[in-house]
């Protein structure tokens, strides 16, 4: 089985691209969904987060206050960077373990091509695990506007969130294939179809 690493800047549209790939018959494992699973109420990871960052991050229903945690770890201040590294130490090995199990199951089922979608794939170095790196990019202005709309935050906060991750241009420089997503869904659908055809050709995977 050949594998695609799918990433991009925050709010660039990688999750929409993942959905389009699934619609085209390519299973894509969502690292964020796996991350939610491993911090489910009662999980060892959630207990470790509570000990490390405070019990106040556990909501009344036992779930993680993801927005509250995000406020602690998203940004470029030294304390935010340090907390983000602490969080990664708690979650990353669990996330990678579960994604590895899911990829093994797909391979055992005879799946010819599968993807993994993750926001900080390059930053963590996990992009090297996959046969090809696909990066979804958009302009900084579009990225800020989308993040503001999605998270309900102001422009300055959106820029801080964006600055906490690797620059989109730097991700593009490392990509094997790039999808540009500055326009609407119709244009993105066409771009994704083009990219998938290129990926299949480069990896030698039949339609």
Listing 2, 171 by rising number of other beta-carbon atoms within 10 angstrom, fewest first, gives 2, 171
Rounded to whole Å, √(5λ) for the Cα gyration tensor eigenvalues of the chain, largest first, gives 29, 22, 14
With label points set 7 Å from each Cα along the Cα-to-Cβ direction at residue 66 and residue 189, the distance between them in nm comes to 2.6
Tilt, helix 14-23 to longest principal axis of the chain (alpha-carbon atoms), in degrees rounded to tens, equals 50
To the nearest 10 degrees, the tilt of helix 44-53 (Cα long axis) against the first principal axis of the alpha carbons of the chain is 50
Taking 121, 148, 1 and counting other beta carbon atoms within 10 angstrom, the fewest-first order is 1, 148, 121
So, with points 7 Å from each Cα along the Cβ direction, the residue 182-residue 32 label distance in nm works out to 2.3
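Return the percentage of antiparallel bridges among DSSP beta bridges fully within the chain, rounded to the nearest 5 %.
Around 5 percent of the beta bridges assigned by DSSP in the chain are antiparallel ones.
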Exposure proxy check on 22, 94: fewest-to-most Cβ neighbours within 10 Å is 22, 94
Rounded to whole angstrom, the alpha-carbon centroid of segment 151-172 lies from that of segment 82-124 at a distance of 22
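Since every read-out is calculated from the coordinates, none of them should be taken as a lab result. Keep in mind that this is a model prediction, so the values were computed, not measured. Backbone-built Cβ (ideal geometry, glycine too); neighbour counts: all protein chains shown.
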